[in-house]
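Asker: Before I ask anything, let me first share the structure, which is written out below as structure tokens.
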């Protein structure tokens, strides 16, 4: 393992399994209820003040991982250390106190806001829950202060979510996450539901707030361009497991896992339009109800061998802080070269 410089969050062997309910039909037929291993034995750390980008296809488990880190979803196994405290071992009361320091910005800026509450009530809720305001007027002043930080103002206090645009609603969600002055924020695809022009504004806002308030982010996205722009380090997730992780400049410039290479090939090359080579993976992401044995990527990987079908690869460090889980790691193979040879045939 790479030595940690200044970890705020340490995730150790975290797993999340969803168990299906045993119905009457199951009992009568003897069929066992299904289980879904959404996150499987994942370990990583987030240093204080950094942005760790988590990327992968829809359904790979990245949102579940982010919520399990905060115990919004209860982990099945493993543990999460926040500033040295084992979050997974906290009682309900202690966890409530810890939540003031760990917050989340959700993907959908409309579904995550109570349509029956005003902005003042939505943003002020953490202050009430944690007793962070001595009076109603103090609470209102704090809400106005955080609204101004995210680009809104006191005129918006008594309005309802449906009276705002998507970008404004996301600013309200960010204000709610920040009003308790947390140290760690899980950003769960916070710009994917927004127009491209608004995405840029929200990304810039998150960067400014990080510097101003000394925040640490776990930034979840399926957009590798956004991850590359924001992140200090990148973790690539596939079917509940991290297959590659390291400094963003290294992982994105020199991806070593075939899955990361295929993701990078999907990014348009503006410097050489018309000459960009794309690797199109065959098949869909396998179902987490019945994941393939061995390396979970072998069913779609053009480099897969028989060994990949039977044994899961062990992550190896290829350069300082850059770890990859692939059986063919040391063969210097590229999915782009393999695709080219296949097309030539």
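Asker: Under 10 °C and 1.306 mPa s, how fast does the range 130-286 diffuse according to Stokes-Einstein, given a Kirkwood radius computed over C-alpha pairs? Answer in µm²/s, whole number.
Answerer: On the way: Rh = 18.1 Å.
After rounding, the answer is 88 µm²/s.
Asker: Using the Kirkwood formula over every pair of different C-alpha atoms, what hydrodynamic radius in Å results for the range 49-100?
Answerer: One decimal place: 12.3 Å for the Kirkwood radius.
Asker: Which angle between 0 and 90 degrees, to the nearest 10, do you get for helix 196-213 versus the longest principal axis of the chain when only C-alpha atoms count?
Answerer: Tilt relative to the chain: about 70 degrees.
Asker: I'd like the orientation of helix 136-149 relative to the chain: the angle between its Cα long axis and the longest Cα principal axis, in ° from 0 to 90, rounded to 10.
Answerer: The angle comes out near 40 degrees.
Asker: Next question. What do you get for Rg/Rh over the chain if you use C-alpha atoms and the Kirkwood form of Rh?
Answerer: Ratio value, two decimals: 1.00.
Asker: Between rounded, prolate and oblate, where does the range 189-236 land on the alpha carbon gyration tensor, with a ≥ b ≥ c its root eigenvalues, rounded for a/c under 1.5, else prolate if a/b exceeds b/c? Display every interim value, and only then the final one.
Answerer: On the way: a/c = 2.03, a/b = 1.10, b/c = 1.86.
Judged from the Cα gyration tensor, the range 189-236 comes out oblate (a/c at least 1.5, b/c at or above a/b).
Asker: Continuing with the same structure: Could you work out [θ]222 nm for the chain from helices alone, using -39500 (n - 2.57) per DSSP H run of at least four and dividing by all its residues? Round to the nearest 500 deg cm²/dmol.
Answerer: -9500 deg cm²/dmol
Asker: Related question: Considering only DSSP beta bridges whose two residues both sit in the chain, what percent are antiparallel, to the nearest 5?
Answerer: Beta bridges within the chain, antiparallel portion: roughly 60 percent.
Asker: I would also like to ask the following. Apply the Debye scattering formula to the range 276-319, with a single equal point scatterer on each alpha-carbon and no solvent, then give log10 I(q)/I(0) at q = 0.14, 0.24 Å⁻¹.
Answerer: The Cα Debye sum returns log10 ratios of -0.41, -0.92.
Asker: Rounded to the nearest 0.05, what FRET efficiency do residue 309 and residue 6 have when you use their Cβ-Cβ distance and R0 = 35 Å?
Answerer: So, using R0 = 35 Å, E works out to roughly 0.30.
Asker: Compute log10 of I(q)/I(0) for the range 167-209 with the Debye formula, placing one identical point scatterer on every Cα and leaving out solvent, at q = 0.18, 0.19, 0.33 Å⁻¹, to two decimals.
Answerer: Evaluating at q = 0.18, 0.19, 0.33 Å⁻¹ gives log10 I(q)/I(0) of -0.49, -0.54, -1.40.
Asker: What number, in percent, do you get for the relative contact order of the chain if the mean sequence gap of Cα pairs under 8 Å and at least 6 apart is divided by its residue count?
Answerer: Relative contact order here is 19 percent.
Asker: Okay, moving on. Ratio of alpha-carbon Rg to the 2.2 N^0.38 Å globular estimate for the range 206-262, to two decimals, please.
Answerer: On the way: Rg = 12.3 Å, N = 57, 2.2 N^0.38 = 10.2 Å.
Here the Cα radius of gyration is 1.20 times the empirical estimate.
Asker: Still on this structure: For the range 104-247, what is the relative contact order in percent, using Cα pairs closer than 8 Å and at least 6 residues apart in sequence?
Answerer: 27 percent
Asker: Let me know the shape class of the range 90-178, please: from the alpha-carbon gyration tensor, a ≥ b ≥ c as square roots of the eigenvalues, rounded when a/c is under 1.5, otherwise prolate if a/b is greater than b/c, or oblate.
Answerer: In terms of gyration-tensor shape, oblate.
Asker: Another question, then. Using only Cα atoms, tell me the angle between helix 119-130 and the longest principal axis of the chain; keep it within 0 to 90° and round to the nearest 10.
Answerer: Around 90 degrees separate the two axes.
Computed from the coordinates by the stated procedures, all read-outs in this text should not be read as laboratory data. It should be emphasised that the depicted structure is a prediction, and the values quoted were computed from it without experimental measurement. Because the Cβ atoms are built from the backbone with ideal geometry, glycine has one as well, and the counts that use them run over all protein chains shown.
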